Amino acid sequence: MAIDRTDRAIIAELAADSRLSIRTIAERVHISRTAAHHRLQNLIAQGVLTGFGAQVDRKAIGLEVLAIVIVKVEKVPWPEVAAALAELPFVESVLAVSGDIDFVLTVSAPDHEHLSEVIMRQIHGMPGVVSTRSHVVLDSRVGNQPGRRPDDWHLSDPSA
């Protein structure tokens, strides 16, 4: 699917606020409501937009500790380990990576005791896990997410 400047503008608006109405999207990207609706439905049908969700403040729901956990595995199929890691409580994401490690996890827990439980007992207790390194996140910032700023990415439109 070719993503043009107008599609990128729609994506950027929805990335900033997924609750926008078709009318508001149309006004902001300077197209008709019918065109906005058609383009939005096409972006969904083509799998460009895969969902609409809320951003959650971890601390507001009691998850006070965020950590990056590096996991090294041996002698087990990595897809099975990835699936098992993703099912653990407090594990937000599991990224399979290249290099001398196998997975990078983001783990949010209510406190250090819960974080320790996940790492020391649950992750280390998995078959094939040979080591972990954990790094507690002291501060974080949101970077340039795909689609957030329409002029930063020019995937399919050389004239953009």
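The values are calculated or read from the model by the stated rules, or taken from the named source; none is laboratory data. Only a predicted model underlies this, so the values are computations on that prediction, with no experimental measurement involved. Heads up, the Cβs are rebuilt from the backbone with ideal geometry, glycines too, and the neighbour counts pull from every protein chain shown. Accessible surface is based on the protein model in full, side chains and every heavy atom, while ligands, DNA and RNA are left aside. Shrake-Rupley method; radii C 1.70, N 1.55, O 1.52, S 1.80 Å.
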>> How large a share of the accessible area of the stretch 6-55, in percent, is made up of carbon and sulfur atoms when the probe is 1.4 Å and the other protein chains stay in place?
In response: 46
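Report the net charge of residues surrounding H114, where surrounding means a beta-carbon distance below 15 angstrom and charges are Lys +1, Arg +1, Asp -1, Glu -1.
Numbers: positive: R58, K59, R121; negative: E64, E92, D111, E113, E117.
The answer is -2.
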> Quick one: putting +1 on the C-beta of Lys and Arg, -1 on the C-beta of Asp and Glu, what dipole do you get for the chain around its Cα centre, in Debye to the nearest 20?
Replying inline: 480
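Give, as a single signed number, the net charge of other residues whose beta carbon lies under 15 Å from the beta carbon of A86, with Lys and Arg counted +1 and Asp and Glu -1. Don't skip to the answer; put the middle values down first.
Values: positive: none; negative: E80, E87, E92, D102.
Spelling it out: positives minus negatives among the neighbours equals -4.
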> Considering the chain as a Gaussian network with a 10 Å cut-off on Cα pairs, which listed residue, P89, P79, P110, attains the greatest mean-square fluctuation?
Replying inline: P79
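Counting helices only, and only those DSSP H runs with n ≥ 4, report the 222 nm mean residue ellipticity of the chain as the sum of -39,500 (n - 2.57) divided by its residues, in deg cm²/dmol to the nearest 500. Walk me through the intermediate numbers first.
Values: 5 runs with 47 residues, N = 160.
Calculated from helices alone, the mean residue ellipticity at 222 nm is -8500 deg cm²/dmol.
How much accessible area per residue does the stretch 1-46 have, counting only protein heavy atoms and a probe of 1.4 Å, in square angstrom?
For the stretch 1-46, the per-residue accessible area is 59 Å².
Count the net charge of all other residues whose Cβ sits under 12 Å from the Cβ of I68, scoring Lys and Arg as +1 and Asp and Glu as -1. Please report the intermediate quantities before stating the final value.
Numbers: positive: R133; negative: E92.
So the environment of I68 carries a net charge of 0.
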> Using a 1.4 Å probe, how large is the accessible area of F52, given in Å² and rounded to the nearest 10?
Replying inline: 110
> Probe 1.4 Å, all protein chains in place: accessible area of I101 in Å², nearest 10?
Replying inline: 30
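Please compute the length gained on full extension between D4 and S140, using 0.36 nm multiplied by the number of residues separating them and subtracting their Cα-Cα distance. Please list the in-between numbers first.
Values: separation 136, 0.36 × 136 = 48.96 nm, distance 3.17 nm.
Stretched fully, the D4-S140 segment lengthens by 45.8 nm.
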>> At 15 angstrom or more along the helix axis (alpha-carbon based) and mean Kyte-Doolittle of -1.0 or higher, what helices does the chain contain? Whole DSSP H runs only.
In response: 5-16, 33-45
>> Rounded to the nearest 10 Å², what accessible area does E74 have for a 1.4 Å probe in the complete protein model?
In response: 90
> Ordering R23, R121 from largest to smallest accessible area (1.4 angstrom probe), what's the sequence?
Replying inline: R121, R23
> Would you list M1, M120 from the most to the least accessible area, probe 1.4 Å?
Replying inline: M120, M1
> Got a sec? What order do D4, D57 fall in by accessible area at 1.4 Å, biggest, i.e. largest, first?
Replying inline: D57, D4
> In a GNM of the chain with a 10 Å cut-off on Cα contacts, which of V97, V136, V73 has the highest mean-square fluctuation?
Replying inline: V97
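Output the relative contact order of the chain, whole-number percent, from Cα pairs under 8 angstrom with separation of 6+ residues.
This gives 30 percent for the chain.
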